[in-house]
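The values are calculated or read from the model by the stated rules, or taken from the named source; none is laboratory data. Since the model is a prediction, treat every value here as computed from it, not as a measurement. Cβ placement follows ideal geometry from the backbone for every residue including glycine, while neighbour counts extend to all protein chains displayed.
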Amino acid sequence: MTNLKEIQRSLLVSLWFMFLTFPIMVIRVNPLEKVVIWRWYNMLYVGIGSFLLSFVWRYFIRQKELGKKKNETDGQKSFSLSRRAVDDPRAYIPLLSAVACFTIAFPFIFSMYQTNIMITVLIYVMLGLGLNIVVGLAGLLDLGYVAFYAVGAYTYALLNFHYGLGFWTVLPIGAALGALFGILLGFPVLRLRGDYLAIVTLGFGEIIRLILENWNEFSQGPSGIANISKPGFFGIHLSLQNSTIYIYFIMVGLTLFTILVVNRLQNSRIGRAWIALREDEVACQAMGIDKRKTKLTAFALGATWAGMAGVVFAAKTTFINPASFTILESIVILCIVVLGGMGSITGVIAGALVLILLPEYLRAFSEYRLLIFGTMLVIMMVFRPGGIIENVRRTYEFELKEGKELKNED
Amino acid sequence: MLKIVGLNSYYGNIHVLKDVNIDISEGEIITLIGANGAGKTTTLMSISGLVPPRSGEIYFEGKPIQGMVPDKIVSLGICQVPEGRRIFPYLTVTENLDMGAFLRKDKRVVKNDMEHIFDLFPLLAERRRQAGGTLSGGEQQMLAISRALMARPRLLFLDEPSLGLAPLVIKQIFEIITKINKESNTTIFLVEQNANLALKTAHRGYVMENGRITLSDSAENLFSNEAVKKAYLGL
Ligand SMILES: Nc1ncnc2c1ncn2[C@@H]1O[C@H](COP(=O)(O)OP(=O)(O)OP(=O)(O)O)[C@@H](O)[C@H]1O
Ligand SMILES: [Mg+2]
């Protein structure tokens, strides 16, 4: 009987859609010949299409709900394949080696174009992991994160342009300046939470971009800075292809470094303080956690990675201008974190792969690209609100660790 | 142990605490009772630095602590169980307890303390790996008290531990409070609406009205005081 009801509802939806799209899909006015063409067949397509879509949509929603109920009655969680792959050592060791081999072989198998895309993905992984500290762990919604990315990029561009400093010298400087700007943003927003924080950080991001765009003497304004040197390789001149491969491996190394550090941070004292701060500020303070220090370190450590990623970005493209650092970038990075799974490292990596590769490979659909992209985001968030790979630390990994400890004690 | 002299606290320009004087000696259970909005929570918040007082002096073991940041005050040995429990909902019971020991460096002793807590609250031991937010109200209150105990405070503030609990659970909680006070000689400052139980548990008590301390006496005397009986005991 539920089926009949479902069909009824889907019918209603399709009728509604037919009505809504009637003016654009059916009526076509030809102003030259002053005639109206009625394309009724279009209405049929819209009707059937929306009916099927709505039906399938409802079906999946129902499945999802059923699954949830089953989990609750079973009293234990069933783990999806992706989750098992992350948690079970038997599954992840071969998987990890496969990923490692693939990563190393990648630039030699695929074209330079593909390698360049992969570098971009890795840059976004790094940005995502950095923002994950601020948003995922400390729970501070930062919409101006791209500002730190810009700081890193301009640090390299300007120091290289004026003083001829090399990539490796500037990398730590970029990181340090990123952190400094993180603290600079952190101070005024210490007391803010939620929406207010989001608005102020958004403003901060725009301020940095507007400064770069308008302060011509400093940053050469909208025309940007060109001819930035690629990273040096012991003074040897690299061909374009080799230097791309070189940057690829630099980025692989940096990403690994980021993963290592973020992983350590997550399980450290300060990591726990961030998580606690996200959950309850007053309780945190009552437990003796320094709210100011904890928040500032979250901003600073989050921004550090953006600073570094910015330096690599400038070295990779050899040309930067303020247009690369718009609010849209911040949103994309935030999407990577949320879509991937807040607080989860593997999630962020998956998120970056999906969000950067998808638009790249959707280029074939040209004008429908953003439509498909947006639809997929919506579908993702409805069916997996926790992200592609949910953060498993609290529910599963922790139990394992505890279990082991208990056994040892026995 | 704790001496408060002429404390005045404000929220913006609302004058909440007016010349509050409180004296707590080591090993005592002191209770502060008063109507809703009297300023009890604010008193605790002012002492622990979360609402910095505008004037007055607070001495902990002879040293002035007013104007110190909250984490410094906790590190001196003053810890509070905030009103409404405020446990970390997504952290497990063990992790919640771990947060209580945030400032402590002696990891091994912390582990022992945790086992001790689980002896004190067997209910929590069964639920070690359960997320704090999924505990029942009574269990959450036990967790909140345990979490504060993990800091090994010498002075423990409890803000309305009976809030929203069944009479039987309240009784249990108050028994545990007495036990903590006796066994580890922890001084306890208890803020309560449930004046009946609070006065039975405490040694001395203060009555607060509109931000002023209006009465202070031994618990028995307050219990038999006509005004207190009428206003807070409903007799
Ligand atoms: N953050 C705040 N901002 C402004 N006013 C506040 C704030 N917190 C409390 N107040 C006011 O201060 C007064 C005292 O509040 P307080 O929380 O200390 O009362 P209380 O004695 O703990 O009451 P209850 O028994 O209901 O918890 C109240 O009038 C309250 O409205
Ligand atoms: Mg109160």
Of a type in the set (A, V, I, L, M), within 26 Å of A:Gly224 (Cα to Cα) and in the same structural domain as A:Trp274 (by TED's automatic domain parsing) - does that describe any residue in the stretch A:108-117? yes
Give, as residue ranges, the helices (runs of 4 or more DSSP H) completely inside the stretch A:239-299 that count at least 3 residues that are under 18 Å from A:Leu171 (Cα atoms) and either within 26 Å of the chain's Cα centre (by Cα) or within 14 Å of chain B (Cβ to nearest Cβ) (or both). A:240-266
Could you check, for the stretch B:102-115, whether at least one of its residues is surrounded by 15 or more Cβ atoms within 10 Å (Cβ to Cβ), among the acidic types (Asp, Glu) and within 10 Å of another protein chain (Cβ to nearest Cβ)? no
Of all helices (runs of 4 or more DSSP H) fully inside the stretch B:120-210, the set with 2 or more residues that are touching a residue at least 24 places away in the same chain (Cβ under 8 Å) is B:137-149, B:167-183, B:195-201
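Residue-by-condition table, conditions (1) in contact (Cβ under 8 Å) with a residue 24 or more places away in the chain; (2) over 25 Å from the mean Cα position of the chain (by Cα); (3) over 27 Å from A:Val337 (Cα atoms); (4) outside any helix (DSSP H, G or I):
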residue: A:Leu143; (1), (2), (3), (4): yes, no, no, yes
residue: A:Leu177; (1), (2), (3), (4): yes, no, no, no
residue: A:Gly182; (1), (2), (3), (4): yes, no, no, no
residue: A:Leu197; (1), (2), (3), (4): yes, no, no, no
residue: A:Glu217; (1), (2), (3), (4): no, yes, yes, no
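Yes/no per residue for (1) farther than 30 Å from B:Gln130 by Cβ; (2) assigned to a loop (DSSP other than H, G, I, E, B); (3) of a type in the set (D, E, K, R):
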{"site": "B:Ile22", "(1), (2), (3)": "yes, no, no"}
{"site": "B:Pro53", "(1), (2), (3)": "yes, yes, no"}
{"site": "B:Lys72", "(1), (2), (3)": "yes, no, yes"}
{"site": "B:Leu97", "(1), (2), (3)": "no, no, no"}
Might you check whether a residue that is over 20 Å from A:Leu212 (Cα atoms), free of Cβ contacts under 8 Å to residues at least 60 places away in the same chain, out of contact with any Leu (no Cβ under 9 Å at 6 or more places or on another chain) and assigned by TED's automatic domain parsing to the domain that holds A:Val121 occurs anywhere in the stretch A:295-310? yes
Going through the stretch B:86-97 one residue at a time, which ones are over 18 Å from the mean Cα position of the chain (by Cα) and more than 9 Å from chain A (Cβ to nearest Cβ)? B:Val93
Can you find a residue in the stretch B:195-216 that is buried (at least 16 other Cβ atoms within 10 Å of the Cβ), on the phi > 0 side of the Ramachandran plot and either modelled with pLDDT under 90 or within 16 Å of ligand 1 (Cβ to nearest atom) (or both)? yes
I need the full set of residues from the stretch B:156-182 which are touching a helix residue (DSSP H, G or I) at 6+ places or on another chain (Cβ under 9 Å) and within 22 Å of B:Leu2 (Cα to Cα), in order please. B:Leu156, B:Phe157, B:Leu158, B:Asp159, B:Glu160, B:Pro161, B:Ile177, B:Thr178, B:Lys179, B:Ile180, B:Asn181
Which residue, of B:Gly84, B:Gly77, B:Gly132, is under 30 Å from B:Asn21 (Cα atoms), more than 16 Å from ligand 2 (Cβ to nearest atom) and among the small types (Gly, Ala, Ser)? B:Gly77
Take the stretch B:44-69 and flag every residue that is in contact (Cβ under 8 Å) with a residue 60 or more places away in the chain and either more than 16 Å from the chain's Cα centre (by Cα) or over 24 Å from B:Ser184 (Cβ atoms) (or both). B:Glu61
Criterion first (over 16 Å from the mean Cα position of the chain (by Cα) and more than 16 Å from ligand 1 (Cβ to nearest atom)) does B:Gly12 satisfy it? no
Kindly check whether there is at least one residue in the stretch A:335-345 that is part of a helix (DSSP H, G or I) and either within 14 Å of chain B (Cβ to nearest Cβ) or within 24 Å of A:Pro172 (Cβ to Cβ) (or both). yes
Suppose we keep only residues that are in contact with a Gly (Cβ under 9 Å, 6 or more places away or on another chain) and under 13 Å from B:Leu7 (Cβ atoms) within the stretch B:59-78. Which one would you say is nearest to ligand 1 (Cβ to nearest atom)? B:Gln66
Checking B:Ala38 against (1) within 14 Å of chain A (Cβ to nearest Cβ); (2) within 16 Å of ligand 2 (Cβ to nearest atom); (3) assigned to a loop (DSSP other than H, G, I, E, B); (4) among the aliphatic types (A, V, I, L, M), the condition it does not meet: (1)
Would you mention how many residues in the stretch B:42-85 are of a type in the set (Gly, Ala, Ser) and either away from chain A (no Cβ under 13 Å) or more than 30 Å from B:Glu139 (Cα to Cα) (or both)? 5
Which one is nearest to the other protein chains (Cβ to nearest Cβ) among residues in the stretch B:169-228 that are among the acidic types (Asp, Glu) and within 16 Å of ligand 2 (Cβ to nearest atom)? B:Glu192
Quick check on the stretch B:133-141. Is at least one of its residues under 17 Å from A:Val282 (Cβ atoms), surrounded by 21 or more Cβ atoms within 10 Å (Cβ to Cβ) and within 12 Å of chain A (Cβ to nearest Cβ)? yes
